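Once you've had a glance at the structure underneath, I'll fire off some questions.
The values are calculated or read from the model by the stated rules, or taken from the named source; none is laboratory data. From a predicted model like this one, the values you see are computed outputs, not experimental measurements. Here the Cβ is made from the backbone with ideal geometry for all residues, glycine too, and neighbour counts use every protein chain on show.
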């Protein structure tokens, strides 16, 4: 009975048994020899392949391809679980520049080498992609074995690997798009890009807005089994959608992992998924060598040697240049570069991608495997000789060149990474542009594909869908049109040369916004350009007429930031949180004896709109004017206390020094908290008071906008801002609707304090 049963076992099971048994033995051997486990898996692939005839051979290659595909999915899902925007921020300039130099440089070298060898363009392009990414597993293993993982250069190398993992994902997207678009018109390529944007929008909405909230709602019901099922369901669901849109399963698995990476449950998920990842990852790495034929390796021994040399030398050059561009010294740059002179798991995945798409030749896969094996063995040697090589290079280098290099490399991390106004502006500009554009395009794709299918049978279907899509994207388009921050103000004030690029960038945002508004109307209703222009104008007027769109966007943004920082907040507790009175600063200015602001009202000066500043106090002789009204006119020698964030006050100081509007005193800006606590020059009745009130304890304000709340009239104060989850909303508009979870920061005189005490709020 047992024999019959064994004979009836499907080949899928017997093949899997053979793979795992051989993988277990070979990895034990590698562990004993202190070699990376991936080499054991590769050896197991040789042993159970057709090359070795004295051992059982894999019966069905198609089954193994299936297991291998699942292995890629789990590996990329695990990479996604380790992905974090916060982690990327910590990598720093060195890792970013080094990875960019390496990827671009090795892509060019790989394509050039492939063409020199007489290979097809597609083989050359995929070769460049395979050589561009170093192996995280092999590099970290080599650093651990050498005892150098805690060294400074190792940190830069690991940071570079983090960036490379992300770049590899986009590289696979590009390779997929290029392979599918060869010989196809530009419209097909644009549709592919549109599908990608839709997919990223789906990832963003699911990952940031919906999933963390859902998991928190059902937290008490989640056991390990349910959490594993939900996580894998999300993983394979994203894989399915990615495949349906023509993208690789690796992309879907990575994005699924990154969706869960920001939740507080990620550590549990990593623990639960680890056995599946290890099991199917082993199958993938074993399958890498199943199709490798020694005859092919012999035939292509010259390309293997050349590619190996190009890989090692090219990575050293480009990684060193990248580290140097970030301000690192010669020893650190070379040592970090020598750690990353190998290719590995991502090269296998890209090779598998080329094979799956049918755009690469059969010989390319075994060639890359051979190069990977050779560079895996050379990596520990390269790490060992990195510092001696750096010392030798420094000795033979011309004095002038060495002096210039060392002078450039003496910049420490803080100076190298110090944010300039342009860098701060660029970061906020790009994040805002991409976020709002991707979400808007996602809404458009969802409306024109899913929603339109539901109502296409009715004559009013297309106009209705067009209207829904336009209203849905309006808050996001509005943010593109009204973008402005303190960095932009600083750049505008600091020189005329900055104004032209700023205007160009603002025009670009406006054009993108107009294009987003026109897209649904042209796509669905084929509007004439004249009607498109008039419709865009009407929607823009609607946007600025009704501030509820701004309120809607702030609510979405608040949820985004809360979920985005959920894991970090959970890990750091209250350390991450900073109250609004610690984020705002107070600085005193003097009104000149004549000219400048003398005789002008606060409403006329309009500091709130231009510089996001509020006048909270005027001292006129011995008279204290707290929370002055807009019609208050400034007199000579008045002292004015202005409130705002640090950057806004910095910009205002610069403007005052240039224009003479007010005189800047020597006293430094204080946090609002410190200013309130240190009012020793005023009596109790003359002091400014500030406090935070939970909206939930004042039921009459819940659900009302600021205009209708009568808060200022009730308490004799004005509103500094709100804290909604993790989002500080400074100077909120009058249509912002108050929610029960809001923390309202108010500032006022003694009367405000008396009112709050009377209501039992402080």
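Restricting to the stretch 215-228, name every residue that is modelled with pLDDT of 75 or more, surrounded by 13 or more Cβ atoms within 10 Å (Cβ to Cβ) and assigned to a helix (DSSP H, G or I).
215, 227, 228 - these are the residues of the stretch 215-228 that are modelled with pLDDT of 75 or more, surrounded by 13 or more Cβ atoms within 10 Å (Cβ to Cβ) and assigned to a helix (DSSP H, G or I).
Return the residues of the stretch 457-474 that are farther than 26 Å from residue 241 by Cβ and buried (at least 18 other Cβ atoms within 10 Å of the Cβ); say none if nothing qualifies.
Matches in the stretch 457-474: 474 only.
Scan 113, 93 and give me the residue that is at pLDDT below 85 and over 22 Å from residue 276 (Cβ atoms).
Among 113, 93, only 93 is at pLDDT below 85 and over 22 Å from residue 276 (Cβ atoms).
Condition first: at pLDDT 75 or above and buried (at least 21 other Cβ atoms within 10 Å of the Cβ). Now tell me which residues in the stretch 48-66 satisfy that.
Hit for the stretch 48-66 is 48, nothing else.
Here is a further query. What tally of residues in the stretch 96-154 results from selecting those that are free of Cβ contacts under 8 Å to residues at least 12 places away in the same chain and farther than 22 Å from residue 178 by Cα?
4
Then there is this: Looking at the stretch 235-242, is at least one residue out of contact with any helix residue (DSSP H, G or I) (no Cβ under 8 Å at 6 or more places or on another chain) and surrounded by fewer than 17 Cβ atoms within 10 Å (Cβ to Cβ)?
Scanning the stretch 235-242 turns up no residue that is out of contact with any helix residue (DSSP H, G or I) (no Cβ under 8 Å at 6 or more places or on another chain) and surrounded by fewer than 17 Cβ atoms within 10 Å (Cβ to Cβ).
To continue, here is another question. Mind listing whichever residues of the stretch 650-666 are part of a loop (DSSP other than H, G, I, E, B) and surrounded by fewer than 19 Cβ atoms within 10 Å (Cβ to Cβ)?
660, 665, 666
Please specify each residue of the stretch 628-651 satisfying the condition of being farther than 16 Å from residue 675 by Cβ and modelled with pLDDT of 85 or more.
Passing the criteria: 628, 631, 632, 633, 634, 635, 636, 637, 638.
Output the residues belonging to the stretch 241-253 that are within 19 Å of residue 179 (Cβ to Cβ) and in a helix (DSSP H, G or I).
Correct list: 242, 243, 244, 249, 250, 251, 252.
Moving to a separate point now. Could you grab me the full set of residues in the stretch 638-649 that are in contact with a helix residue (DSSP H, G or I) (Cβ under 7 Å, 6 or more places away or on another chain) and part of a helix (DSSP H, G or I)?
Selection gives 647, 648.
Yes or no, residue by residue, for (1) outside the structural domain of residue 436 (by TED's automatic domain parsing); (2) touching a strand residue (DSSP E or B) at 6+ places or on another chain (Cβ under 6 Å); (3) part of a helix (DSSP H, G or I); (4) modelled with pLDDT of 75 or more:
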{"residue": "462", "(1), (2), (3), (4)": "no, no, yes, yes"}
{"residue": "466", "(1), (2), (3), (4)": "no, no, yes, yes"}
{"residue": "484", "(1), (2), (3), (4)": "no, no, no, no"}
{"residue": "490", "(1), (2), (3), (4)": "no, no, yes, no"}
{"residue": "498", "(1), (2), (3), (4)": "no, no, yes, no"}
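Let me confirm something: among 760, 741, which residue is part of a loop (DSSP other than H, G, I, E, B) and at positive phi?
The conditions single out 760.
The conditions are (1) loosely packed, with under 15 Cβ neighbours inside 10 Å; (2) modelled with pLDDT of 75 or more, and residue 530 fails exactly one of them. Which is it?
Looking at each condition in turn, residue 530 falls short on (2).
Next up: Only one of 615, 669 is surrounded by 14 or more Cβ atoms within 10 Å (Cβ to Cβ) and modelled with pLDDT of 85 or more. Can you tell me which?
So the residue among 615, 669 that is surrounded by 14 or more Cβ atoms within 10 Å (Cβ to Cβ) and modelled with pLDDT of 85 or more is 615.
Condition test on residue 348, is it more than 28 Å from the chain's Cα centre (by Cα), under 28 Å from residue 179 (Cα atoms) and assigned by TED's automatic domain parsing to the domain that holds residue 137?
no
From 27, 14, grab the single residue that is at pLDDT below 80, assigned to a helix (DSSP H, G or I) and surrounded by 13 or more Cβ atoms within 10 Å (Cβ to Cβ).
Step by step, each of 27, 14 is checked, and only 14 is at pLDDT below 80, assigned to a helix (DSSP H, G or I) and surrounded by 13 or more Cβ atoms within 10 Å (Cβ to Cβ).
May I pose another question? In the stretch 143-185, which residue that is more than 24 Å from residue 258 (Cβ to Cβ) and at pLDDT 75 or above is surrounded by the most Cβ atoms within 10 Å (Cβ to Cβ)?
Among them, the one singled out is 153.
While we're on this one: Given the criterion surrounded by fewer than 18 Cβ atoms within 10 Å (Cβ to Cβ), in a helix (DSSP H, G or I), at negative phi and modelled with pLDDT of 75 or more, identify the matching residue among 477, 508.
It is 508.
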